[in-house]
1. Is it true that SER92 is surrounded by 11 or more Cβ atoms within 10 Å (Cβ to Cβ) and either within 30 Å of THR141 (Cα to Cα) or not β-branched (Val, Ile, Thr) (or both)?
2. Given the conditions (1) touching a residue at least 12 places away in the same chain (Cβ under 8 Å); (2) more than 30 Å from ASP135 (Cα to Cα); (3) small (Gly, Ala, Ser), report the number of the one that SER66 does not fulfil.
3. Here's a check for you: in segment 25-42, which residue that is touching a strand residue (DSSP E or B) at 6+ places or on another chain (Cβ under 9 Å) and of a type outside the set (Lys, Arg) is modelled with the lowest pLDDT?
4. Considering only segment 27-44, state which residues are under 18 Å from LEU84 (Cβ atoms) and hydrophobic (A, V, I, L, M, F, W, C).
5. Out of (1) in contact with a Lys or Arg (Cβ under 9 Å, 6 or more places away or on another chain); (2) touching a residue at least 24 places away in the same chain (Cβ under 8 Å); (3) part of a helix (DSSP H, G or I), what's the single condition that is false for ALA123?
6. Please return the ranges of helices (runs of 4 or more DSSP H) entirely within segment 1-99 where 1 or more residues are β-branched (Val, Ile, Thr) and on the phi < 0 side of the Ramachandran plot.
7. Is segment 46-64 home to any residue that is touching a Gly at 6+ places or on another chain (Cβ under 8 Å) and among the basic types (Lys, Arg)?
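The values are calculated or read from the model by the stated rules, or taken from the named source; none is laboratory data. Keep in mind that this is a model prediction, so the values were computed, not measured. So basically every Cβ, Gly included, is an ideal-geometry build from the backbone, and we count neighbours across all protein chains shown.
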Amino acid sequence: MKIIGLAGWSGSGKTTIVARLVPELIGRGLRVSTIKHAHHAFDIDQPGKDSYVHRMAGATEVLVASANRWALMHELRGAPEPGLDELLARLSPVDLVLVEGFKRHPHPKLEVFRRGNGKPLLATEDPHIVAVASDGPVPETERPVLDIDNVAAIADFVLTRFPAN
C-alpha cells in the first residue's frame, strides 16, 4: 500500500491540507484512506450510547454498524499503542493512504511548514521528508518546496512520487 505522511508542528495546517487533498485525489480517480495520530486521550464514543456501555463493561472491541458506515473501536486496556505498520495492516486496500502525524516513523513525508509558527524545520533532521509545503521560501532545504495553498500542485507532486497503478 502506498503511503505518504503529512508531518509538521501543531498549527502548521496538516489537517487543512489533508481535508483539501483527499477530495482532489479522489477527483483524479484514486481511492484514498487516512490515518490520524492523536497525542492525547480521545474518544469517538458518547456516554449513554449502547456502544459506550459495551466498552465500559470491558469489551476489548466494539463494532458499530449501520446502513451508512461501520466503526471498530479497540480498547488497549494497558497494552502498548500500536505502531503505524500495524495500523496500516488493518486498513482495506486503497490506492494511497495519507498519514497525519507519526512524524518519527520512517515513511515518506511531506512537511507542512509555516515560518510564523516559530518552530524549526523538520526536513533538516528527517531524511524521510521528500518535500515541504510552505507559505513562503524555505532556503534551509534543497527538497522541493510547494505552495501550501496550491492543493493541485501538492496532488501533482504526490502522484508523480507515487503514481497510480
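1. Details: surrounded by 11 or more Cβ atoms within 10 Å (Cβ to Cβ): no; either within 30 Å of THR141 (Cα to Cα) or not β-branched (Val, Ile, Thr) (or both): yes.
Criteria not met by SER92.
2. (1)
3. Filtering segment 25-42 for residues touching a strand residue (DSSP E or B) at 6+ places or on another chain (Cβ under 9 Å) gives 25-26, 30-37.
Still in the running and of a type outside the set (Lys, Arg): 25-26, 30, 32-35, 37.
Numbers: LEU25: 97, ILE26: 97, LEU30: 96, VAL32: 97, SER33: 97, THR34: 97, ILE35: 96, HIS37: 91.
Checked segment 25-42; the qualifying residue modelled with the lowest pLDDT is HIS37.
4. VAL32, ILE35, ALA38, PHE42
5. All conditions are met except number (2).
6. Numbers: elements: 14-27, 50-56, 84-90.
Correct list: 14-27, 50-56.
7. At the first step, the residues of segment 46-64 found to be touching a Gly at 6+ places or on another chain (Cβ under 8 Å) are none.
No, segment 46-64 contains no residue that is touching a Gly at 6+ places or on another chain (Cβ under 8 Å) and among the basic types (Lys, Arg).
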